[in-house]
Amino acid sequence: MGFFARGIETAPRAAIETHQFARLRSLLERSSLDNPFYRTKFRAAGLGSLQDVIEIARSPDRFRQLPTSGKQELLDDQAAHPPHGTNVLSPSPPFVRQHQTSGTTGTPLKVWETRQSWEWMTTLWLYQLLALDITPVDTIFMAFNFGHSLGLWNVLDAGMQLGALTLTGGGLTSLQRVDSIVHNRATVLVCTPSYALRLAEVAADNRIDIRRSAVGTIIVGGEPGASVAGTRDRIERLWGARLYDSPGLTEVGHIGLACPHQGVHLVESEFYVEMLDPETQRPVGPGEAGEIVVTNFGRPATPVIRYRTRDVARPVYDMCPCGRTFMRLEGGIIGRSDDMIVVRGVNVFPSLVEAIIRECGDVSEYSVEIVGTQDMYSLRIKIELDADCTGGPETIRRRIEDTFHRRLYLKTDVEVVPAGALPRSGAKRSRFVRVEADKPSLK
């Protein structure tokens, strides 16, 4: 079992917090003096002097007096002050890279990197690779298009720093990626959960037994699903490999670290993380669902301070069997606070829908239409069946409908569609589509 920085990864909670607040004070001091965006926010919050700002980073309760920030706020700032916005140290440092968020929730947010922040981003992936004992004898395959999104760019640098052969799948079709994985004897696959399923499907369609490949470790991120037991089990069964959920956000950094026990830790040496009730903004207790609010330490030229990620998870603080004392997320990312819908009085996250569908088995792909208005939603689910499903279409359809009713007291409309009818993608995507109540089902 490997560590990047064993001392801090296994430190007592009090020592981790001391480390974090020392870095917070340094970040706040610099941002108060030289970052117009945060200097304005601090003053609006009544923190007029540098000493006021530094003193706020003395305890969690005091730090919460700072206002939060959000994606739309940063987008508006970039639109008003192109191209960088005002969340940049003054004078502006030399930037060496520019990436952006995927745009799946709206206008992409641009992210600017200095050489130092890019090295920090690579370090975050070194935490991950070393945690899973990736070594120079491994071959890493990145099933990623290498476009403007940040995605897996830093995996390339981290893998090479480890001395591992690191292969990119940019510009290749899914079948070409499968061929490259098999012929280059890749031992580690990095992609999204849905694309791991897609690659296994392409392999089967072309009579390639992907379970006989050398892949033993699959690291996924970019979308929910990997911590859903049914999805994880399905991917592991199709590949004959272990699956690890390693979350991150373009605007924050690669915040997650999957350990050998398949726990999802947060890299608290490089981030200060608050778990807050999305409505009240008060801290939640261990095991309670809260929104992840993040301050990052490694991008001082363009930081995010008390950034509302909208991701929801349940924090656990006791020591993990892997020996780490970093906070871990029980069940990974549950969903997004802005993705939750109320269906006939029941709070429903996409991850819960996926968990129920996967639990029922025999489903190779699915999509969900959220039908109705804000006042009354219903779920319309389309499924494709496994080629070797254990029951007929009507049996499986009724099984899923009955399970939703038993678990959530919800009536759902499940439709079995032909194999290949539902969309696939290698990119970050959502299987959930909102449909107005008077519109017909999407075809």
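The values are calculated or read from the model by the stated rules, or taken from the named source; none is laboratory data. Since we're looking at a predicted model, the values are computed, not measured. Ideal geometry is used to build each Cβ from the backbone, glycine not excepted, and the neighbour counts take in all protein chains shown.
State yes or no: is R358 surrounded by 13 or more Cβ atoms within 10 Å (Cβ to Cβ), within 24 Å of R336 (Cβ to Cβ), at pLDDT 85 or above and out of contact with any strand residue (DSSP E or B) (no Cβ under 6 Å at 6 or more places or on another chain)? Quick ask: steps written out before the conclusion?
On the way: surrounded by 13 or more Cβ atoms within 10 Å (Cβ to Cβ): yes; within 24 Å of R336 (Cβ to Cβ): yes; at pLDDT 85 or above: yes; out of contact with any strand residue (DSSP E or B) (no Cβ under 6 Å at 6 or more places or on another chain): yes.
Considered against the rule, which asks whether it is surrounded by 13 or more Cβ atoms within 10 Å (Cβ to Cβ), within 24 Å of R336 (Cβ to Cβ), at pLDDT 85 or above and out of contact with any strand residue (DSSP E or B) (no Cβ under 6 Å at 6 or more places or on another chain), R358 comes out as yes.
For residues that are crowded, with 19+ Cβ neighbours inside 10 Å, among the β-branched types (V, I, T) and within 21 Å of P224 (Cα to Cα), tally how many sit in segment 315-340.
Looking only at that region, the number is 2.
Could you tell me which residue of segment 1-20 is nearest to L132 (Cα to Cα), considering only residues that are outside any helix (DSSP H, G or I) and not hydrophobic (A, V, I, L, M, F, W, C)? Walk me through it before giving the result.
Of all residues in segment 1-20, those outside any helix (DSSP H, G or I) come to 1-5, 10-12.
With the extra rule that they be not hydrophobic (A, V, I, L, M, F, W, C), the set shrinks to 2, 10, 12.
On the way: G2: 7, T10: 16, P12: 22 Å.
Among those residues, the one meeting the criterion is G2.
So that you can scan it fast, the table gives a plain yes or no per residue for (1) in contact with a Lys or Arg (Cβ under 9 Å, 6 or more places away or on another chain); (2) within 21 Å of S69 (Cα to Cα):
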{"site": "P260", "(1), (2)": "yes, no"}
{"site": "T280", "(1), (2)": "no, yes"}
{"site": "V304", "(1), (2)": "no, yes"}
{"site": "R314", "(1), (2)": "no, no"}
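When segment 58-92 is examined, which residues are found to be in contact with a Phe, Trp or Tyr (Cβ under 9 Å, 6 or more places away or on another chain), closer than 21 Å to R25 by Cβ and hydroxyl-bearing (S, T, Y)?
Result: S59, T68, S69.
Output yes when any residue across segment 47-54 is among the small types (G, A, S) and either under 29 Å from the mean Cα position of the chain (by Cα) or under 19 Å from A301 (Cα atoms) (or both), and no when none is. Full working, then the answer.
Going through segment 47-54, the residues among the small types (G, A, S) turn out to be 48-49.
Next, from what is left, pick out any that are either under 29 Å from the mean Cα position of the chain (by Cα) or under 19 Å from A301 (Cα atoms) (or both): none.
No, every residue in segment 47-54 fails to be among the small types (G, A, S) and either under 29 Å from the mean Cα position of the chain (by Cα) or under 19 Å from A301 (Cα atoms) (or both).
Would it be correct to say that H265 is in the same structural domain as T101 (by TED's automatic domain parsing), buried (at least 17 other Cβ atoms within 10 Å of the Cβ) and either touching a residue at least 40 places away in the same chain (Cβ under 8 Å) or not in a helix (DSSP H, G or I) (or both)? Give the steps one after another, and end with the answer.
Working: in the same structural domain as T101 (by TED's automatic domain parsing): yes; buried (at least 17 other Cβ atoms within 10 Å of the Cβ): yes; either touching a residue at least 40 places away in the same chain (Cβ under 8 Å) or not in a helix (DSSP H, G or I) (or both): yes.
Considered against the rule, which asks whether it is in the same structural domain as T101 (by TED's automatic domain parsing), buried (at least 17 other Cβ atoms within 10 Å of the Cβ) and either touching a residue at least 40 places away in the same chain (Cβ under 8 Å) or not in a helix (DSSP H, G or I) (or both), H265 comes out as yes.
Take segment 230-259 and flag every residue that is under 16 Å from the mean Cα position of the chain (by Cα) and outside any loop (DSSP other than H, G, I, E, B). Steps first, please.
Of all residues in segment 230-259, those under 16 Å from the mean Cα position of the chain (by Cα) come to 231-232, 243-259.
Listed by number, the residues that qualify are T231, R232, L243, Y244, D245, L249, G253, G256, L257, A258.
For segment 213-229, name all the residues that are part of a loop (DSSP other than H, G, I, E, B) and more than 19 Å from T309 (Cα to Cα). Break it down stepwise before answering.
Start the filter on segment 213-229 by keeping residues that are part of a loop (DSSP other than H, G, I, E, B), which leaves 213-216, 221-228.
Hits for segment 213-229 are S213, A214, V215, G216, V228.
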